[in-house]
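J.: Here's a structure for you.
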Amino acid sequence: MIGQEKLKCDIASWPALPRFLIVEGAKGSGRKTLIRYIADKWNADSIVVDSSVESVRNIIEDAQSLFKKRIYVLDSSNMSGSALNAILKITEEPPSNCFIAMICDSTAKVLPTLISRSRTLSILPYSTQEKLEYIERSRFDGVKKLDTRVLTDYCHLASNLSELQTILASGAEELFEKVETFYDLIWEASASNALKVTSWLKFKESETDKIDPNLFLNCLLNWSTVIVMRRGIEMTFEEARAHDYLVKEASKCLSSIKRKGANARIYINQFIRKVKSFE
């Protein structure tokens, strides 16, 4: 597991494997990887369980037949109130080899009763050095031959290791080209043409060949200034204002689509229309 040295030290100090863990972090930050790391440390199995109330209730029956520790991993973002109550009951009298690990993007969205019964772990953002270490360990063809400056740019594009993996697998050039094309469309073309950018983005799980909206916006935020610098353009005051407005609105849009249940397509269309209408 890359980085998270503070968490590793905390885990090493545990006298026993906690019955109930809450792992807090953004999607793609390595929450499940951390749980697998914990399972290996304590010679336990770990399995991801569907978050439905039926699946949660079945945990007790499954755990009663175990001869080895097992960590059941649940995602709180998809859980109903009934499923959360079922977890509460399990934590009151868990079977001997039953351990629960719940992942969430923020403990603020978790029931206080659950937090009071858990050991909470918060995954910290990965540093550029940790991302470079991840690249060094990767098996993507040609990546290690790239200049360190280029690899560092890749790290700046990604907010977590999952996004970095996507960039390494597909190559950053295509992503960068799409961001640069969008940058041209938003200022020079009609609003309807600018809205065509949504055809590049992934809004359904089945759209495997498209770009994740979070990654696209993050790339736009990190590279919009670089685009201007690469072209050697001296912006006028009005152009600079427009550029700053784009960055501000992209940041707001990124925050919005990360919220639970957010419709990414709607927020991105609103973002494009706002920037397009800027005067």
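J.: Which value does Rg/Rh take for segment 5-122 over its C-alpha atoms, Rh per Kirkwood?
T.: On the way: Rg = 13.2 Å, Rh = 14.2 Å.
My calculation puts Rg/Rh at 0.92.
J.: With a ≥ b ≥ c the root eigenvalues of the C-alpha gyration tensor of the chain, is it rounded (a/c under 1.5), prolate (a/b larger than b/c) or oblate?
T.: prolate
J.: Report, in listed order, any pair from 109/276; 69/202; 8/252; 204/274; 32/109; 27/178 with a Cα-Cα distance greater than 27 Å.
T.: Numbers: 109/276 35 Å; 69/202 38 Å; 8/252 33 Å; 204/274 24 Å; 32/109 19 Å; 27/178 23 Å.
Result: 109/276; 69/202; 8/252 exceed 27 Å.
J.: Please state the shape class of segment 14-55: rounded when a/c is under 1.5, otherwise prolate if a/b exceeds b/c and oblate if not, all from the C-alpha gyration tensor. It would help to have the intermediate numbers written out before the result.
T.: Working: a/c = 1.77, a/b = 1.24, b/c = 1.43.
Since a/c reaches 1.5 but b/c is at least a/b, the shape of segment 14-55 is classed as oblate.
J.: For segment 5-122, what does the relative contact order come out to in percent, with C-alpha contacts under 8 Å and a separation of six or more?
T.: Here the relative contact order equals 40 percent.
J.: Let me ask you something else. For residue 6, which aspartates and glutamates qualify as cross-link partners when the Cα separation must be under 14 Å and same-chain residues fewer than eight apart are set aside?
T.: Within the straight-line limit of under 14 Å, residue 6 reaches these aspartates and glutamates: 130.
J.: With a cut-off of 8 Å between alpha carbons and a minimum separation of six or more residues, what is the relative contact order of the chain in percent? Write out the running numbers ahead of the final one.
T.: Values: 322 pairs, mean separation 48.2, N = 279.
About 17 percent, as a whole number.
J.: Residue 212's amide H: which non-local residues (gap 5+, or another chain) put their own amide H closer than 5 Å, with H modeled 1.01 Å from N in plane and none for Pro or chain starts?
T.: 202
J.: At what distance in nm do the modelled label points of residue 263 and residue 177 sit from each other, each positioned 7 Å from its Cα along Cα→Cβ?
T.: 3.3 nm
J.: A follow-up question, please. Which trypsin sites (Lys or Arg not before Pro) in segment 1-100 sit in a loop by DSSP (not H, G, I, E or B) and have at most 16 other Cβ atoms within 10 Å of their own Cβ? Could you put the intermediate results ahead of the total?
T.: Details: sites: 6, 8, 19, 27, 31, 32, 36, 41, 57, 68, 69, 70, 89; in loops: 19, 27, 68, 69.
Loop-located and lightly packed - 19, 27, 68.
Computed from the coordinates by the stated procedures, all read-outs in this text should not be read as laboratory data. Treat the numbers as computed from the prediction; the structure is a model and nothing was measured. Cβ sites come from the backbone with ideal geometry, for glycine too, and all protein chains shown count toward neighbours.
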